[in-house]
Amino acid sequence: MFSAFERRVAFRYLRARKGERFVSIIAIFSLVGIALGVATLIIVMSVMNGFRQELLAQILGLNGDIGVYGAGHNITQYDAAAGRLAKIPGVISAIPIVQGEVLMTGPHGGAIGGVARGIQPDGLAKLRTVSRHIVAGSLKDFTGRNIAVGAGVASQLGISLGGTITLVLPQGDATIIGTIPRIQSFHVSAIFRTGMAQYDSSFVFLPLTSAQTLFRAKDAATQIQLFVKNPDNTGPIKAAIPKVMGSAPVNVVDWQDSNNAFFAAVNVERNVMFLILTLIIVVAVFNVVSSMIMMVKDKTADIAILRTMGATSGSIMRIFFMVGASVGVIGTIAGFGLGVVFCAHIEQIRQFVQGLTGTQLFNPTVYYLESLPAKLVWSQVIEVVVIAIGLSFVATLYPSWRAARTDPVEALRHE
């Protein structure tokens, strides 16, 4: 497509000589602008993808993919129901749960609101988000009055391993002097840290029988959490659940239903950020256009001489197209490399900057995660690269067309 002569002239024009430094500086700024735009877009999209993936993994790891709730009543004979639900094709496990909101107090005073979840020991072991992130104690003694608490709960209440935590329920017993809240004390046998501050600061797990006594759900469960093989395809399983549960009316809610607004907001934000950051590349491409137009004006005499020596208008257009396209391609490749390397070491970079400035750049209480995640989705990376190169090619068309339309007679006459 490009002859050796055209490539040689284009490469010669990429090197600035004395008196051409200004045009060369503009081209360098254009290259740097494209590189920074591509790198920024790759980094931001990767961080948002990582944020969504980590958040989804944390939510599904603790709550399950599908929740089965009794319609206005607790689920009795929950073990048998969980056994039937676990046999549905695509279901990995079914875990009965008793859950309610409580007020938690420590031995040294202070109180926080939270969620107490009653679960069987084997069920808690299946919750890998918890069982694989025990930072103190173990789940071997998870029976009776021994419970597992989040690291945030332990920190806020000043509780250590083996300490005592008191759970208070506002729904108490009616007496002649009024309603007395139900209060029970438990021993902390394990402390977990999931990495999601919202859960670590509000969740405690207690044995199912203790939770049934606390919430007065004798021989019943408030819900059954299902974990499935493909969380993105829960439709067939949801359709089969009412048939398996028989005549007892139930409400079936999957993770998309319960978190639909949240993840929809994340997706909208990701798309908007993509459009906004693409403007950085567009601005850099406009610099390519300006630098190319200045180069064409500066090389008017050269173009006229080349035309008189036999170069066609198409050859002139291809020469300047290669000059402008080279700036875009080199800038895109540099931005691609910078973005990929930055994403691969983003947590180390965050910690370095945080230590250098002495400020907290990523607050876990706001973003729900304790580290800055980044996930490279190569289809998106390729899309960014294609957009940057495509815009660079489009930006060179007009200056190249202007160069090809140069009249050698008029150019030499005015020269």
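Before moving on, here are some points about what is shown:
- Using a probe radius of 1.4 angstrom, the carbon and sulfur fraction of the accessible surface of the range 142-254 is 54%.
- About its Cα centre, the dipole of the range 83-171 is roughly 360 debye, where the only charges are +1 on Lys and Arg Cβ and -1 on Asp and Glu Cβ.
- Options Gly339, Asn271, Leu306, ranked by Cα towards positive dipole end of the chain, top entry (Cβ charges): Leu306
- Exceedance of the 19 Å cut-off in Cα-Cα distance is limited, within the set Lys87/Lys238; Lys87/Lys243; Lys126/Lys238; Lys87/Lys229; Lys87/Lys126, to Lys126/Lys238.
- Accessible area (Å², per residue) of the range 149-238, counting only protein heavy atoms and a probe of 1.4 Å: 43 Å²
- Averaging the Cα positions of each part gives two centres, and for the range 245-267 and the range 33-99 these lie 10 Å apart.
- Under 24 Å from Lys299, Cα to Cα: lysines that are on another chain or at least 8 residues apart: Lys18
- Most to least packed among 240-248, 223-231 [average Cβ atoms within 10 Å]: 223-231, 240-248
- Taking the 1.4 Å solvent-accessible surface of the range 262-361 as the whole, the part contributed by carbon and sulfur is 72%.
- Listed residue (Ala374, Ser290, Thr76) projecting farthest to the positive dipole end of the chain, Cβ model: Ser290
- When you count the other C-beta atoms within 10 angstrom of each residue and take the mean per peptide, 349-355, 281-287 line up highest first as 281-287, 349-355.
- Crossing angle, helix 21-63 versus the chain [Cα axis fit, 0-90 degrees, rounded to tens]: 20 degrees
- When the helices of the chain are scored as -39500 (n - 2.57) per DSSP H run of n ≥ 4 and the total is divided over every residue, the value at 222 nm lands at -18500 deg cm²/dmol.
- Remark: the chain carries a charge dipole of roughly 1000 debye about the Cα centre, counting +1 on each Lys and Arg Cβ and -1 on each Asp and Glu Cβ.
The values are calculated or read from the model by the stated rules, or taken from the named source; none is laboratory data. Computed from a predicted model, the values in this text were never measured in an experiment. Neighbour counts run over all protein chains shown; Cβ positions are idealised from the backbone, glycine included. When the accessible area is computed, the model is the full protein with side chains, heavy atoms only, and any ligands, DNA or RNA have been set aside. Shrake-Rupley method; radii C 1.70, N 1.55, O 1.52, S 1.80 Å.
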